[in-house]
Structure formats: structure tokens, C-alpha cells
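> I'd like to ask you about the structure that follows.
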Amino acid sequence: LSGSIYATAIDLLYWRNVKQSGAVFGSVLLLLFSLTQFSVVSVGAYLTLAALSASISFRIYKSVLQAVQKTDEGHPFKSYLEVEISLSQDQIGNYADKALLYANTCMKELRRLFLVQDLIDSLKFAVLMWLLTYVGALFNGLTLLILAVVSMFSMPIVYEKHQAQIDQYVGLIRTQVNSVVGKIQAKIPGAKRKEE
């Protein structure tokens, strides 16, 4: 199940089916932009009301059509009403195990960073948090989420088309960063250089 979800997500992000990717991208972007103007409660209520209005209208339309044509097709959503949507104990256990593993990994990594097990990694984390204070001053969380969604739908296809050039520049940047980190590690007493 998770493999098919992963494949579907990759297909969406790489625009394998343009109509489907466009619909998902447009609806997510519309939702996020509407959240910039209205509260979460209002957006949720309006979306629910729109979906309910559409389904009620379709049900009434089908009922009138059946009455006029004197057919007995039954409930128009019967096939969807019969679909099983409950989660099994195995699925819940699987998701809980994954969440527990992720939470434990995060706690161990944060403990390692805050208790300065490796000075260089803790300093990198401190610099990242310092940079995030500037990002937070410039953007709110919703703006960052909108930028993340736009990036998720645009960067994979750009990378796929220009992979050779991007890999070349990333390699140059990585070499420069490793050089600077090596110089810094050589000057900091007690900093150990990781084997690559």
C-alpha cells in the first residue's frame, strides 16, 4: 500500500499525468492561498459546504432524472457507500510503529545536538537555527508552505530536464563547503573530522 502511495506521489510531482498533477497542484495552492485570507475554520467549513452542496445537487438531479425516465437505477452513490473505509489493526499498528520510530530518532538526534556530542554538528545546528530566525522574520509559516508546494511541483521536473548541469554545480558547491568545513574543523580544538 505505501509503495503504491509513493509511486502515485512521484507521478504527481513529476507531472506524468498533466491533468491529474495540475488538479492536485491547483487545488492545494488554492487551499493555501485561501488560508492566507480566511481562517482554517472558515476554509474548512466552506469546502465542506461546497462538497455537500455538490453531492446533494447530484443526488437530487439523479432522482429527478430517474423519475422522468421512469427507471430504477437506485442510489447514485451506492458503489461508494459499499466501499470499506475502516483501518485495520495491522495498518494502525504499522503507522504507530513508524511514528514511534521517527519520534525516537528525532529525540535521540536532538539530545545529541543539544548535549554537544559532536561540536561541529551542534555548531551547524546552531547556524541553521540562527538562519531560520531570519527566514521567520521574512516569511510566515503559510508563505513557506506555499513556497514548498510550488517547489515540490516544479523542482523535480526542472532537475529531470537539467540534471547534468545541476549535478555539476552541486558538486562544485559541495567541494567548496567540504573545504571550508575542513578548515574550520582543523582550527577548532577537540573537533574530530568524520571519515567520509
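The values are calculated or read from the model by the stated rules, or taken from the named source; none is laboratory data. Predicted model, so just to flag it, every value in this text is computed and none were measured. Here Cβ is always computed from backbone atoms with ideal geometry, including for glycine, and neighbour counts include all displayed protein chains. Note: accessible area is taken over every heavy atom of the protein model, side chains too, but ligands, DNA and RNA are not part of it. Shrake-Rupley method; radii C 1.70, N 1.55, O 1.52, S 1.80 Å.
> Does any residue of region 50-66 turn out to be of a type in the set (Gly, Ala, Ser), within 30 Å of Leu32 (Cβ to Cβ) and within 24 Å of the chain's Cα centre (by Cα)?
yes
> Can you pull out the residues in region 22-31 that are without any contact (Cβ under 8 Å) to a residue 12 or more places away in the chain and surrounded by 13 or more Cβ atoms within 10 Å (Cβ to Cβ)?
Gly22
> Moving on to the next point. Give the residue, chosen from Lys19, Lys62, Lys70, that is without any contact (Cβ under 8 Å) to a residue 60 or more places away in the chain and touching a His at 6+ places or on another chain (Cβ under 9 Å).
Answer to the selection: Lys62.
> Would you check if there is a residue in region 7-15 being among the charged types (D, E, K, R) and open to solvent by 80 Å² or more (accessible area, probe 1.4 Å)?
No, there is no match, as no residue in region 7-15 is among the charged types (D, E, K, R) and open to solvent by 80 Å² or more (accessible area, probe 1.4 Å).
> Considering every residue within region 122-132, establish whether at least one is open to solvent by 90 Å² or more (accessible area, probe 1.4 Å) and either more than 30 Å from Gln185 (Cβ to Cβ) or under 22 Å from the mean Cα position of the chain (by Cα) (or both).
The answer is no; no qualifying residue exists.
> Output the residues belonging to region 40-72 that are closer than 23 Å to Leu29 by Cα and either open to solvent by 80 Å² or more (accessible area, probe 1.4 Å) or touching a helix residue (DSSP H, G or I) at 6+ places or on another chain (Cβ under 9 Å) (or both).
Val40, Val41, Ser42, Val43, Tyr46, Leu47, Thr48, Leu49, Leu52 - these are the residues of region 40-72 that are closer than 23 Å to Leu29 by Cα and either open to solvent by 80 Å² or more (accessible area, probe 1.4 Å) or touching a helix residue (DSSP H, G or I) at 6+ places or on another chain (Cβ under 9 Å) (or both).
> Quick one: Leu115 ticks every box in (1) open to solvent by 70 Å² or more (accessible area, probe 1.4 Å); (2) among the hydrophobic types (A, V, I, L, M, F, W, C); (3) in contact (Cβ under 8 Å) with a residue 12 or more places away in the chain except a single one, so which number is it?
Here Leu115 meets the rest and fails (3).
> So which residues in region 133-154 are open to solvent by 80 Å² or more (accessible area, probe 1.4 Å) and in a helix (DSSP H, G or I)?
Thr133, Tyr134, Ala137, Leu138, Leu145, Leu147, Met152 - these are the residues of region 133-154 that are open to solvent by 80 Å² or more (accessible area, probe 1.4 Å) and in a helix (DSSP H, G or I).
> Among the residues of region 155-178, is any within 26 Å of the chain's Cα centre (by Cα), in a helix (DSSP H, G or I), among the acidic types (Asp, Glu) and over 30 Å from Leu32 (Cβ atoms)?
So far as region 155-178 goes, yes, one or more of its residues are within 26 Å of the chain's Cα centre (by Cα), in a helix (DSSP H, G or I), among the acidic types (Asp, Glu) and over 30 Å from Leu32 (Cβ atoms).
> Is it fair to say Val158 is loosely packed, with under 12 Cβ neighbours inside 10 Å, under 20 Å from Trp15 (Cα atoms) and of a type in the set (Val, Ile, Thr)?
Considered against the rule, which asks whether it is loosely packed, with under 12 Cβ neighbours inside 10 Å, under 20 Å from Trp15 (Cα atoms) and of a type in the set (Val, Ile, Thr), Val158 comes out as yes.
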